[in-house]
1. In µm²/s, what is D for the range 225-310 at 20 °C and 1.002 mPa s, where D = kT/(6 pi eta Rh) by Stokes-Einstein and Rh is the Kirkwood radius from Cα pairs?
2. Order by neighbour count: Tyr288, Tyr30, Tyr86, fewest other Cβ atoms within 10 Å first, most last.
3. Between Arg41 and Thr239, what is the label-point separation in nm under the 7 Å Cα-to-beta-carbon projection?
4. Quick check: net charge around Glu45, other residues with Cβ under 14 Å of its Cβ, Lys/Arg +1 and Asp/Glu -1?
5. For Ser98 and Ser293, compute 0.36 nm times the residue count separating them, minus their Cα-Cα distance, and round to one decimal in nm.
6. Using θ = phi - 60° and the Karplus relation 6.51 cos²θ - 1.76 cosθ + 1.60, list the HN-Hα couplings for the range 34-46 in order, rounded to whole Hz, with x at every Gly or Pro.
7. What residues qualify as long-range amide H neighbours of Thr246, i.e. H under 5 Å apart, gap of 5 or more or another chain, H built at 1.01 Å from N?
8. The range 31-101: D in µm²/s via Stokes-Einstein (Kirkwood Rh, Cα pairs, 25 °C, 0.890 mPa s)?
Amino acid sequence: MAPAGASSLGVMQSPTSAELSPELLQDDAYILGPGDGLSVRFLIETELSSTLQILNDGTASLPLLGSVRLTGLTLSQASLWLQSLYARQLLRPDLQLSVTTPRPLRVAVVGQVERQGIYTLTTSEASKTEAAVGISGLPTLVDAIQKAGGITDQADLRQVVLQRRLPGDRALFKRTRLNLLSLVFDGDLAQNPLLFDGDTIRVLKAEEPVPEAIELSSTTLAPTTISVNVVGEVKGPGTISVPANTPLIQGILAAGGPTAWRANTSDVELVRINRNGTATRERFRINYSQGASNAKNPPLRDRDTVIVNRSALAKTSDAIGAITSPLSGLVNAWTLLDLINGDR
């Protein structure tokens, strides 16, 4: 339950479907919660000053007051609440409340990201881009998407929904829609707000293919590396790790390239397991002058399988080998017998 008098401190009461502009997110106040380390400094009664931590039940232990519930309040609301409680015992209850150790942020990232789930972010969270540049500081929306493995090629970056809890005990939320394409191509930092504990990020699925998919593959929103299986007529078949969104042909080259005469460069198959459990199978031709394109040289996804099929000559050679192989032992035996008989 909220502490008595909390409503008089301005705890917001708003519909759960409240929408707001991205710019207003930057004005949100920090909401206290379990794990926050606080400092209470009295201006007059200095001997009562202390440090404290909000426990899992949302309360903190304060001098003279005992356990007081603070979770769900902003810092200014909590300061007014404590002053009102201390006013019952002190003539001058003036105090300053500050956060000394903010709790780690737990956010949910769902939708069109590589690894949906709940993630913990801290102020020293290190995100790695393809250039291996460390990023630290207050976690942002892009940091969370990076930690979730980056976006899929079906993500609609014009429709990223951020849901945030409002102050108070009641489960009330507000939402905004962000356009990360404006962040990537126009540098609009308002589309990359700082995150608060309990935020939910939902990356919606595009109804049509995203025209900017190739350009997005080189941004920090894309995964860093992926694993793909390259099998068949290549020099180094097996599972390989390549940069995310590596084009099909470059993936084949990363596996050593096609074998000289056994590979059919006009018959390369790409097998892909989709997120809904279905599988697709497409055929492509190896053309080293072809740039990345969804039609002729598509970017690879994590867990894709590339099959470089055999040429007609390789099939014929393998067929002849399969027929003659069982006879080889018998031929060698007759040869040995002839040599023995010839010695007599």
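Every number here is computed from the coordinates shown, using simple stated rules; none is lab data. As the structure is a computational prediction, the values presented were derived from the model and not from experiment. Please note: Cβ atoms are built from the backbone with ideal geometry, for glycine as well, and neighbour counts cover all protein chains shown.
1. On the way: Rh = 12.6 Å.
Reported coefficient: 170 µm²/s.
2. Listed from fewest to most nearby Cβ atoms, that is Tyr288, Tyr30, Tyr86.
3. It works out to 5.4 nm between the two label points.
4. Computed value for this residue: +1.
5. Separation in residues times 0.36 nm, less the Cα-Cα distance, equals 64.9 nm.
6. Once θ is set to phi - 60°, the couplings for the range 34-46 become x, x, 5, x, 10, 10, 10, 10, 8, 6, 10, 7, 5 Hz.
7. Leu300
8. On the way: Rh = 11.9 Å.
Result for D is 206 µm²/s.
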